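Presented below is the structure to which this report refers.
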Amino acid sequence: MNKDDWRGRWREANKASWDERVPIHVGGDFYGVEGFKAGEEHLRPFELEEMGDVSGKDLLHLQCHFGKDTLSWARRGARVTGLDFSAPAIEAARNLASELGVDAEFVRSDVYEAREALGGRTFDVVYTGLGALNWLPDIERWAGVAAGLVRPGGFLYLPEFHPFTNVFGDDDLTVEHDYFHKEEPDVWDEPGTYADLGAETANNITYEWKHTLSDVVTALIQSGLTLEFLHEHDYTLFPRWPILEKTGFDTFKLPENSPRIPLMYSLLARKPR
């Protein structure tokens, strides 16, 4: 691949992949949509503790996919807006909100154009993450956009998969990859989806980027936000390696006698008044 080839194609390739996978995710077992409809709580315990009471707050969920987490915060009393670049995802989110009778707004937009798409509005809470940042080539630009959406006194909350896990291969904890950021993307050609490895799919080319923990934290600080905490967690939401053991609805951990390593992290960064 020529050095600059990805620049004109990454967004449309990634969008085509996500567009195709929306119905697989909505209709499959991985996301537990039927249980969610029945009232199950699918937000992670650490998120509920770290975010605190969101009732009455304006909450924006960037890269919201089909809106399940967005609507989870609405159930907890937030006035929610979800944003995603996939038209099928936004349609599915609106349908899910209607079926549940939950008041929510969903907007189709690339995350880098979020401020324009939202008409310059700002929010008490900007929520994003859990497999979102790896799809973005420019983390500094993302941080600037996200910070611009937070109103004074409000905060950005980010739970995300820990970039340290990217150094390992797919089969076990053998170190195979570089940890540090590189400008060029990793280009994948893989059928199926993390939610259904055997799903038949046609749009299988995707572009992803590695962003270290310091990349993310520094970008947010330089955007004008103040970091209040950074926490690391010893479980993840999918079977990243075959050795992981399922310990809850979407909780996967290393075996009990294994050394613990960080599999996810979460941070909160506030905009000064």
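Name the residue that is nearest to HIS25 (Cα to Cα), counting only residues in segment 208-237 that are within 19 Å of the chain's Cα centre (by Cα), buried (at least 16 other Cβ atoms within 10 Å of the Cβ) and hydrophobic (A, V, I, L, M, F, W, C).
Among those that are within 19 Å of the chain's Cα centre (by Cα), buried (at least 16 other Cβ atoms within 10 Å of the Cβ) and hydrophobic (A, V, I, L, M, F, W, C), it is LEU237.
When you scan segment 146-166, how many residues do you find that are surrounded by fewer than 19 Cβ atoms within 10 Å (Cβ to Cβ) and under 16 Å from ARG115 (Cα atoms)?
Residues meeting the conditions: 3.
With the condition being charged (D, E, K, R), I'd like the strands (runs of 3 or more DSSP E) fully within segment 162-234 carrying at least 2 qualifying residues.
Because the criterion is at least 2 residues that are charged (D, E, K, R), the strands (runs of 3 or more DSSP E) in segment 162-234 that meet it are 186-189, 226-233.
Would you please name the residue that is surrounded by the most Cβ atoms within 10 Å (Cβ to Cβ), looking only at residues in segment 71-98 that are in contact with a helix residue (DSSP H, G or I) (Cβ under 7 Å, 6 or more places away or on another chain) and not hydrophobic (A, V, I, L, M, F, W, C)?
Here the answer is GLY82.
Go through (1) buried (at least 20 other Cβ atoms within 10 Å of the Cβ); (2) touching an Asp or Glu at 6+ places or on another chain (Cβ under 8 Å); (3) at pLDDT 95 or above; (4) not in a helix (DSSP H, G or I) for VAL126 and report which single condition fails.
So the condition that VAL126 fails would be (2).
Identify the residue in segment 187-207 that is surrounded by fewer than 18 Cβ atoms within 10 Å (Cβ to Cβ), touching a residue at least 24 places away in the same chain (Cβ under 8 Å) and out of contact with any Lys or Arg (no Cβ under 8 Å at 6 or more places or on another chain) and, among all such residues, is nearest to TRP6 (Cα to Cα).
Filtering segment 187-207 for residues surrounded by fewer than 18 Cβ atoms within 10 Å (Cβ to Cβ) gives 187-192, 194-205.
Now restrict to residues that are touching a residue at least 24 places away in the same chain (Cβ under 8 Å): 187, 194-196, 199, 201-205.
In the following step, the residues that additionally are out of contact with any Lys or Arg (no Cβ under 8 Å at 6 or more places or on another chain) were identified as 187, 194, 196, 202-205.
Numbers: VAL187: 9, TYR194: 23, ASP196: 27, ALA202: 19, ASN203: 16, ASN204: 15, ILE205: 11 Å.
Across segment 187-207, the extreme among qualifying residues is VAL187.
Tell me, which residue of segment 95-112 that is without any contact (Cβ under 8 Å) to a residue 24 or more places away in the chain and not in a loop (DSSP other than H, G, I, E, B) is farthest from VAL33 (Cα to Cα)?
Checked segment 95-112; the qualifying residue farthest from VAL33 (Cα to Cα) is SER98.
The values are calculated or read from the model by the stated rules, or taken from the named source; none is laboratory data. Since the model is a prediction, treat every value here as computed from it, not as a measurement. Note that we place each Cβ from the backbone using ideal geometry, even for glycine, and neighbour counts take in every protein chain shown.
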